[in-house]
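A short worksheet on the structure shown next.
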Amino acid sequence: MLSLAVIFGSLLLVAGWEFCRPRRQREFPALRRRLANLGIWLLNIVLAAFTFSPPDTLRPQLEAAFGVALPSWPIANQWSSFVAAFLLLDFLNYAVHRGQHAVPFLWRFHALHHSDPDVDVTTSVRHHPIEYLLATGFYWLAVLALDIPVIVVLSHAVAVFAAAALTHGNISLPEWLERVLRLVVITLDLHLVHHSMSYDEANANFGAVFSVWDRLFGTYAQISRARRERLVFGVRELPRRDCLKPSAMLMTPWRIAQARASE
């Protein structure tokens, strides 16, 4: 119940903030795009629920079926275990996200997320079903193989969701707060850079919660406030108006391939 409260609460809080104090004026009508984003999110949840069994219940079944003991999570201390597992999951999130940009096949699906021309809180859940299943499958295997504690998996998932709602919002934070927060976490302004149509800017700031991974691996980028206010969101190969249509959204991987073949 707490997880559901955080998930829906973060969406509603940022949505209300956008309504009262929007940062940017929308370029396109919002209703159809927002409904499509939310509809794809609900589809993804249903698909994942039918595809993946809970790892903590599947592990004993696998051990009984194959007669072997799978490796256990090695850290016994409760707090050390939580911190180590949380950081590991956050690093895996960074690695997967960077791979989605680096590998052409994965980018074709991830491009749906970046194709939203009016980034707002609903963009945070705009992921192609195939991308969603591939990414979820990777985390699922990692949790299953490493026996990462369930409470950490749930806590990190909720933290990522709440952070995504905030960092995609059509809102603004005080400049002083941005400066303080970005020392530790990915902030709103850092993530907006990642949604730029510019290739160099979009290939930066891959982190989900912490900014340390971008700093360590050379993908951290800041731009001036004046440049941030002029950012154009979208994917270069895709007409921005077409990215509002639900049917075109689901066909994004093939539209990307067709556009690149034409080039």
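Just so it is clear, none of the values below were taken in a lab; they were calculated from the coordinates. Everything numeric here is computed off the predicted structure, so don't read it as measured data. We place every Cβ from the backbone using ideal geometry, glycine too, and count neighbours over all the protein chains shown.
Couple of notes before you dig in:
- Relative to its Kirkwood radius, the Cα radius of gyration of the stretch 71-179 gives an Rg/Rh of 1.02.
- Phi-derived couplings, Karplus 6.51 cos²θ - 1.76 cosθ + 1.60 at θ = phi - 60°, listed residue by residue for the stretch 69-76: 9, 6, x, 9, 4, x, 9, 8 Hz, with x used for Gly and Pro.
- Directionally averaged projected area (convex hull, Cα atoms, the stretch 218-263), nm²: 5.0 nm²
- The GluC sites (Glu not before Pro) found in the stretch 176-261 that occupy coil by DSSP, while having at most 15 further C-beta atoms within 10 Å, are Glu229.
- Across the alpha-carbon atoms of the stretch 15-107, the computed radius of gyration and Dmax are 20.5, 60 angstrom.
- Cα convex hull volume per residue for the stretch 141-209 (Å³): 116 Å³
- At the listed q of 0.14, 0.21 Å⁻¹, the Debye profile of the stretch 1-157, built from one uniform point per Cα, gives log10 I(q)/I(0) equal to -0.87, -1.45.
- Computed over the stretch 89-248, the P(r) tail beyond 18 angstrom holds 59 percent of alpha carbon pairs.
- Residues whose amide H lies under 5 Å from that of Arg23, counting only those 5 or more places away or on a different chain, are Ile171; hydrogens are built 1.01 Å from N in the peptide plane.
- Using just its DSSP H runs of length 4 or more, each adding -39500 (n - 2.57), the chain gives a mean residue ellipticity at 222 nm of -19500 deg cm²/dmol after division by all residues.
- Top of Leu38, Leu112, Leu70 by mean-square fluctuation, Gaussian network on the chain, Cα under 10 Å: Leu70
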